[in-house]
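Notes for the one structure printed next.
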Amino acid sequence: MRIISFNANGIRSAATKGFFDWLQAQDADVVCLQETKSQEDQLTDPRFRPDGHHCFYRDASTRKGYSGVAIYAKREPDEVRTALGRPDFDEEGRYIEARFGNLSVVSFYIPSGSSGELRQGYKFEVMEWLGPILDEWLASGRDYVLCGDWNIVRSRLDIRNWTSNQKNSGCLPPERAWLNGMLCDDGGSDGTAPRADGWVDTYRRLHPQGQDYTWWSNRGAARANNVGWRIDYQFATPALGQRARACSIYREQRFSDHAPFTVDYADAGK
């Protein structure tokens, strides 16, 4: 099973840069998109309905051209969910889940706090609210893959300029403690104890000391100099996480300020 997660920073923009041509060759079973920045009625071109995929969008209903998530799936899901019960979060188009038997694949777009104190406060509120939901999913007996842009790095390994970003959103100690406290490995974290039965960071499982990034600022030559952050993840429930066999971050073409992140999972029993 191959799953791709990608923050498009505007799906129409990514399309003009060749994203859908690249995607066609990837043979992905499920594709999770974030920051589509479009309303579904603006996506009438067939390229936004890739051949052989069932396509589902959850747009921002409070602000056009903002946020938005999507899932493309080769197999038709048994159910698609687009709300977690918090209107301000749901209506910004930050969650969509496709269910296939006992497997759930989620596309998440966690708020950024980089625009100022108000949004950082909202980000902390969302983190506090979302934590128990993720705990419920972890204990549910279902297999989950949580894809998306979480807007938080985990450790020094996940950001080029660690020291200078300690007071910046996405690298704040409380954010890192919250994220690392949900996961079952320390991932080079800054002292937060790993959770024995926690979520598996599939990249970190496959690359314990890896220093790869998924996002680069558009300022200066950040991407050319690889001054990046790893903030796009696929977190899996423990049994499924152990079946992660390979992963890749695609940097050869620039579809967005983020790079697509692909994980291959072995079938159960293999």
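The values are calculated or read from the model by the stated rules, or taken from the named source; none is laboratory data. In this text the structure is predicted, and so the values were computed from the model without any measurement. Note that each Cβ is placed from the backbone with ideal geometry, even for glycine, and that neighbours are counted across all protein chains shown.
Give the residues of segment 24-41 that are without any contact (Cβ under 8 Å) to a residue 40 or more places away in the chain and either buried (at least 17 other Cβ atoms within 10 Å of the Cβ) or under 18 Å from Tyr109 (Cβ atoms) (or both), sorted by residue number.
At the first step, the residues of segment 24-41 found to be without any contact (Cβ under 8 Å) to a residue 40 or more places away in the chain are 24-25, 27, 37-41.
Answer for segment 24-41, where residues must be without any contact (Cβ under 8 Å) to a residue 40 or more places away in the chain and either buried (at least 17 other Cβ atoms within 10 Å of the Cβ) or under 18 Å from Tyr109 (Cβ atoms) (or both): Lys37, Ser38, Gln39, Glu40.
Consider Pro111 against the criteria (1) part of a helix (DSSP H, G or I); (2) farther than 16 Å from Pro260 by Cα; (3) of a type outside the set (S, T, N, Q); (4) touching a helix residue (DSSP H, G or I) at 6+ places or on another chain (Cβ under 8 Å): it satisfies all of them except one. Which criterion is unmet?
Every condition holds for Pro111 apart from (1).
State the number of residues belonging to segment 150-195 that are at pLDDT 95 or above, in contact with a Cys (Cβ under 7 Å, 6 or more places away or on another chain) and over 24 Å from Leu118 (Cα atoms).
Total meeting the criteria: 1.
Looking only at segment 139-154, filter to residues that are surrounded by 20 or more Cβ atoms within 10 Å (Cβ to Cβ) and more than 12 Å from Pro111 (Cα to Cα); which one of those is farthest from the chain's Cα centre (by Cα)? Let's see the steps before the verdict.
Keep residues of segment 139-154 that are surrounded by 20 or more Cβ atoms within 10 Å (Cβ to Cβ), which gives 143-154.
From what is left, the residues that are more than 12 Å from Pro111 (Cα to Cα) are 143-147, 153-154.
Values: Asp143: 17, Tyr144: 13, Val145: 10, Leu146: 7, Cys147: 4, Val153: 12, Arg154: 14 Å.
In this case the residue turns out to be Asp143.
Anything in segment 138-156 that is without any contact (Cβ under 8 Å) to a residue 60 or more places away in the chain and either aliphatic (A, V, I, L, M) or closer than 22 Å to Tyr265 by Cβ (or both)? List them, or say none.
Residues satisfying the conditions are Ala139, Ser140, Gly141.
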